[in-house]
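Some notes on the structure that comes next.
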Amino acid sequence: MKMNGSIFVLGRDSDISLSEIRSLYKDSHNIEILSPQVCYVDINSEEVDFARIGGSIKLARLISVNKSSENYEQLLYFTSSVLEKLTEDNNSKINLGISIYQSNLSLKNLNKFKMDLKNHLKSTGKSIRLIPNSSMSLSSAQTFHNNLDRKNNVELIIVYSQHSYYISQVTAVQDIDDYFNRDRMRPKRDTRVGMLPPKLAQIMINLASVKLKTINGSEAPLLLDPFCGTGVVLQEAQLMGYRIMGTDLSEKMVAYTKENIDWLSAEYHLNRNLAFFFDVGDATNYRWPERPNLVVSEVYLGPPLTQKPSLDMIHKYRDDCQTIFKMFLSNLANQLNSGAVLCLAVPAWRFKDIFVGLTIVDQLNDLGYNQVKFESVNQLPLIYHRQGQFVARQLLVLEKI
């Protein structure tokens, strides 16, 4: 394990977050799971383009690994030593945040621990403001709004794993204001067709990028969204530097996509030439003008549900969605080169304590695709679900045979 490696704090759907990291780094970097919420990647944090990663909420630079039993005094000693070095040239007031994962330390003892750290630093002449913890770890909003990833401020991520304390300093946090801007401030939105979060769109693009090389200008890969809706996937793809191609059965949705892409290009000063092609078209029979390198899309999820469906209703919705999905995959198959990767969000309906997904997943080989599997905590399926929703999104990553 390299001392200049990186610690990633995973988002709420940790299996999906970890799969995204594996898709980005699995071929060239060692990855270790330290806890259900934290993993280590042997890449320098300065080399990570954190703004394009949707599934991790914080990035930190690993500073020290200390073999130890879970001992308060030893933890205090290790952490004090790290903070002394981090703040030795800092004469300004320091905002200090502490997030601890997988430790037997209670919240009460965490607050005592923070006060002990503050008193120790005060004895060295430092002025400290502690960021309050309502849980063992600070939220991304606390880190972001207190600028704990900025100069003169410090947030330490402490993980107890493999009989060692891993101590790291946060270097980046999800920009929640920018995500809000890209989601809520774009000119065209339509809640009736579903609202794909920009972070989830980023994750899906990264999952589909598992076999791609560096993105670079005119040589950028071409990304197709055949159910583009209001253009969320295409917006995030353009921000990442892809050329984009989008179609939708609805003329209104295509018009919305065009307007949103124009807004994004102006708002973020993007190369408008990357917006390659938009058209009205039925994904079950449309002929796209160019073979895409990757396909990322939220397919038809069935009708929006405002109340819990019965099992019979779920089976009906599933049959309808499967018919469209199968026709789409069959139409797309002969328009892709072998090795092209797709990441598709398909419906999975919540029934009691389980999710009922598409049975066509077992027939993918017959349609010309292999399912790509990532090493993750609980393996497949990858389900993205929000509390209170009756329809979840299952993420399928497929490779054209």
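The residues of region 28-49 that are farther than 21 Å from I98 by Cα and of a type outside the set (V, I, T), listed by number, are S28, H29, N30, E32, D42, N44, E46, E47, D49.
Taking the criterion of being within 16 Å of Y242 (Cα to Cα), free of Cβ contacts under 8 Å to residues at least 12 places away in the same chain and in contact with a helix residue (DSSP H, G or I) (Cβ under 7 Å, 6 or more places away or on another chain), would at least one residue in region 265-272 satisfy it? Taking every residue of region 265-272 in turn, at least one turns out to be within 16 Å of Y242 (Cα to Cα), free of Cβ contacts under 8 Å to residues at least 12 places away in the same chain and in contact with a helix residue (DSSP H, G or I) (Cβ under 7 Å, 6 or more places away or on another chain).
Pull up region 1-15, narrow it to residues that are at pLDDT 95 or above and under 14 Å from the mean Cα position of the chain (by Cα), then point me to the one that is surrounded by the most Cβ atoms within 10 Å (Cβ to Cβ). Checking each candidate, the answer is F8.
When the residues of region 1-25 are filtered to those that are among the charged types (D, E, K, R) and part of a helix (DSSP H, G or I), the one that is farthest from I43 (Cα to Cα) is D15.
Each row is one residue, and each column tells you yes or no for (1) within 23 Å of N206 (Cβ to Cβ); (2) hydroxyl-bearing (S, T, Y); (3) surrounded by 21 or more Cβ atoms within 10 Å (Cβ to Cβ); (4) not assigned by TED's automatic domain parsing to the domain that holds A208.
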site: V295; (1), (2), (3), (4): yes, no, yes, no
site: P303; (1), (2), (3), (4): no, no, no, no
site: T306; (1), (2), (3), (4): no, yes, no, no
site: A333; (1), (2), (3), (4): no, no, no, no
site: L336; (1), (2), (3), (4): yes, no, yes, no
site: W349; (1), (2), (3), (4): no, no, yes, no
site: L367; (1), (2), (3), (4): no, no, no, no
site: I383; (1), (2), (3), (4): yes, no, no, no
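Is at least one residue of region 317-339 under 24 Å from the mean Cα position of the chain (by Cα) and over 17 Å from D190 (Cβ atoms)? Yes: region 317-339 contains one or more residues that are under 24 Å from the mean Cα position of the chain (by Cα) and over 17 Å from D190 (Cβ atoms). For region 89-105, residues that are of a type in the set (G, A, S) and in contact with a helix residue (DSSP H, G or I) (Cβ under 7 Å, 6 or more places away or on another chain) total 1. Among the residues making up region 60-86, those that are in contact with a strand residue (DSSP E or B) (Cβ under 9 Å, 6 or more places away or on another chain) and among the hydrophobic types (A, V, I, L, M, F, W, C) are A60, L62, I63, V65, L75, F78, V82, L83, L86. Name the single residue that is surrounded by the most Cβ atoms within 10 Å (Cβ to Cβ) among those in region 351-365 being among the β-branched types (V, I, T) and assigned to a strand (DSSP E or B). Across region 351-365, the extreme among qualifying residues is V356.
The values are calculated or read from the model by the stated rules, or taken from the named source; none is laboratory data. Quick caveat: nothing in here was measured; it's all calculated off a predicted structure. Glycine also receives a Cβ, built like all others from the backbone with ideal geometry; neighbour counts cover every protein chain displayed.
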